[in-house]
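Let me begin by presenting the structure, written as structure tokens, before commenting on it.
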Amino acid sequence: MIILPAIDIQGGQCVRLYRGDFATAHRVAEDALDTARSFYADGARWIHMVDLDGARTGRRENAPLFVEVAEKTGLQVELGGGIRDRETLDYYFSHGVSRCILGSAALKDPAL
């Protein structure tokens with residue numbers, strides 16, 4: 001079994017939502033990079049991250065943070081949220097993200 005620690009990002013902050021409701025977001029950690037590093041120090045080799053802002057807008061809202069985690073932690077990054085086109089996939093893959101999750105984009109454009 002592989003367990004992936006997760007960090008959801010909204011407005012550059014580590015948050016959790018209650019039942020997916022954006023109005024319930026509450027901060028759960030001070031710094032995403034430090035949190036990711038602590039996961040690595042505790043033995044994790046993968047991290048699951050979600051761009052909550054990107055999920056709403058369909059754009060790379062917090063991309064620099066995800067790239068920084070990929071570059072500076074030793075973790076393989078699995079990322080979801082707002083990834084809806086080939087350009088975004090190419091951007092993340094070329095900047096060190098290992099996996100991208102397609103949600104609504106896969107349903108709307110199976111060829112993607």
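The values are calculated or read from the model by the stated rules, or taken from the named source; none is laboratory data. Computed from a prediction, not measured in an experiment: that's the story for all the values here. Using ideal geometry, Cβ is built from the backbone for each residue, glycine included, and neighbour counts are taken over all protein chains shown. The protein model used for the area step is the full one, side chains on, heavy atoms only, and it has no ligands, DNA or RNA in it. Shrake-Rupley method; radii C 1.70, N 1.55, O 1.52, S 1.80 Å.
Annotations for the structure displayed:
- Region 1-26 and region 44-112 have Cα centres separated by 15 Å.
- Relative contact order for region 1-103, counting Cα pairs under 8 Å that sit 6 or more residues apart, in percent: 25 percent
- Highest to lowest packing among 63-69, 98-104, 43-49, 78-84, scored as the average C-beta count within 10 Å: 78-84, 63-69, 43-49, 98-104
- Whole-percent carbon and sulfur share, accessible surface of the chain, 1.4 Å: 50 percent
- Theoretical ellipticity at 222 nm over the chain - DSSP helices of four or more residues, -39500 (n - 2.57) apiece, nearest 500: -9500 deg cm²/dmol
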